[in-house]
1. Check off (1) on the phi > 0 side of the Ramachandran plot; (2) at pLDDT 85 or above for Gly15 and give me the number that stays unchecked.
2. Which members of segment 39-68 meet the condition of being among the aliphatic types (A, V, I, L, M), exposed (fewer than 13 other Cβ atoms within 10 Å of the Cβ) and at pLDDT below 85?
3. Suppose the filter is of a type outside the set (Gly, Ala, Ser), surrounded by 13 or more Cβ atoms within 10 Å (Cβ to Cβ), at positive phi and modelled with pLDDT under 85; does Asp90 pass it?
4. Quick one: count up the residues across segment 19-52 that are in a loop (DSSP other than H, G, I, E, B) and touching a residue at least 12 places away in the same chain (Cβ under 8 Å).
5. Residue by residue through segment 53-83, note down the ones that are more than 22 Å from Leu37 (Cβ to Cβ), assigned to a helix (DSSP H, G or I) and of a type outside the set (Gly, Ala, Ser).
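The values are calculated or read from the model by the stated rules, or taken from the named source; none is laboratory data. Remember, predicted model here, so these are calculated numbers, not experimental data. A quick note on method: Cβ atoms are made from the backbone with ideal geometry, for glycine too, and the neighbour counts reach across all protein chains shown.
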Amino acid sequence: MAKIQAAMLRPVSPGIVSVPQNLNFSLAAIQFFANVLQFFILPHYLLQKSMHWSLVVIPLAVLNNPFWALIHEAIHDLFNSSSRTNVAEDDYFLFSSVRLFTFYA
């Protein structure tokens, strides 16, 4: 029994946040603005000025894995300590990824 109890999570003291909410919201904001750049600003404004702006897509491809990691955290209620916020973020991430993919596919 001692091994099982040692492996269990320890309760969090009041006032200590177990989920890094500030970091998660910062990553979500970066991802949101990257999506706006990639799906709206880049094709409708920047690529019409110069095709050299297409090189911006390369660094944006690096954000693909963190984007799905944020979706994963929201699905398992680890994005935020509030379950309502987790559901809202999960819905936003999934809707934006599926909707934009079907729109441009």
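1. In the conditions (1) on the phi > 0 side of the Ramachandran plot; (2) at pLDDT 85 or above, Gly15 misses (2) alone.
2. Ala61, Val62
3. no
4. 1
5. Once the filter is applied, which keeps residues that are more than 22 Å from Leu37 (Cβ to Cβ), assigned to a helix (DSSP H, G or I) and of a type outside the set (Gly, Ala, Ser), segment 53-83 yields His72, Glu73, Ile75.
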